[in-house]
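K.L.:
The structure's right below; bear with me while I get my questions together.
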Amino acid sequence: MRTPYYETTIHKQIREKREDRKERIRTDIERYGDEVLNSDEMKEAFSQTHHQWSTVGEHTLRVAFASLMLSYALKKLDIKVNIPAVVVGALCHDLGILGRKEKFISAKEMSREHPKESVTVARELVSEMPEKTEDIIERHMWPAGQSKAPNSIEGAIVSVADKYSAVKDIVKGSDVKKTGLKYLARDEKDRIRKFLKGKM
Ligand SMILES: [Fe+2]
Ligand SMILES: [Fe+2]
C-alpha cells in the first residue's frame, strides 16, 4: 500500500521557492524577450526539429530557462550578470538555423555559420540590442567546432546552458517524440505559455 504523502514545512518551503524561481524566470523572459517571443521566427521555431526529438523553439526556451538559473546562482555570489543580454542572447542564439535546408549545404556548414545568421535575425527582431548580445550569440557554439570562446560571463552562461539543454532535448524528448509528428500544427503561443509555466 502506498504511504500517503504529507507535505512537511521543509517540503513546502522548497516547493514555494521553486515556484518563486519559475515565476522570476517567466517574468524576466517575458520582460526582456517580448519582441523575440512574439515574432514569426519564434512561431516557425516550433515547427523545425532540432536535436533529434525536440524543436528549435523548445530548445530555445530550455536554453533561456537554464541560462537564467545559472545567472541567478552567480548573482547570489555577487557576480554581476546582465539579465537582458542573457535573455535576448538565449532566445536568439539558434534562430539562424531556421530554414536550414535552403540556407546551408551541409551539417558542417550549418554548425559553423548559423551563429552569424542568428545575429542577423536578432538584429531584425530586437529594437535595442542589449550590450554584449551579439557576441553571446556569435560565440555560443563554443567549445564545439571552431567557435571563438565567449568573451563575457553572459556568453559563458549561454554556451553552458546550450550544451546542457541539447542533452536534455535528446534525453527528455518532446511532443515531437511522443506523437511521432515531425511538424506540429498547434498554437505556438500556447506552447510558449505552457513552457513558461513549466508544463513542457
Ligand atoms: Fe547553436
Ligand atoms: Fe542551441
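None of the figures in this text is laboratory data; all of them are computed from the coordinates on show. Given the structure is predicted, the values throughout are model-derived calculations rather than measurements. In this analysis, Cβ positions are derived from the backbone assuming ideal geometry, glycine residues included, and neighbour counts consider all displayed protein chains.
K.L.:
Residue separation times 0.36 nm, minus the C-alpha to C-alpha distance between Arg31 and Tyr72: what's the value?
P.N.:
Going from the current span to full extension adds 13.2 nm.
K.L.:
Trypsin sites (Lys or Arg not before Pro) within region 72-141: which are DSSP loop residues with at most 10 other Cβ atoms inside 10 Å?
P.N.:
Lys80
K.L.:
Ok, one more. Could you list Asp162, Asp20, Asp135 so that the one with the fewest beta carbons within 10 Å of its beta carbon is first and the one with the most is last?
P.N.:
Fewest to most other Cβ atoms nearby, the residues stand as Asp20, Asp135, Asp162.
K.L.:
Can you work out the Karplus-derived ³J(HN,Hα) for every residue in region 104-112? Use 6.51 cos²θ - 1.76 cosθ + 1.60 with θ = phi - 60°, whole Hz, and x for glycine or proline.
P.N.:
Each residue of region 104-112 in turn: 10, 8, 8, 5, 5, 5, 4, 4, 7 Hz.
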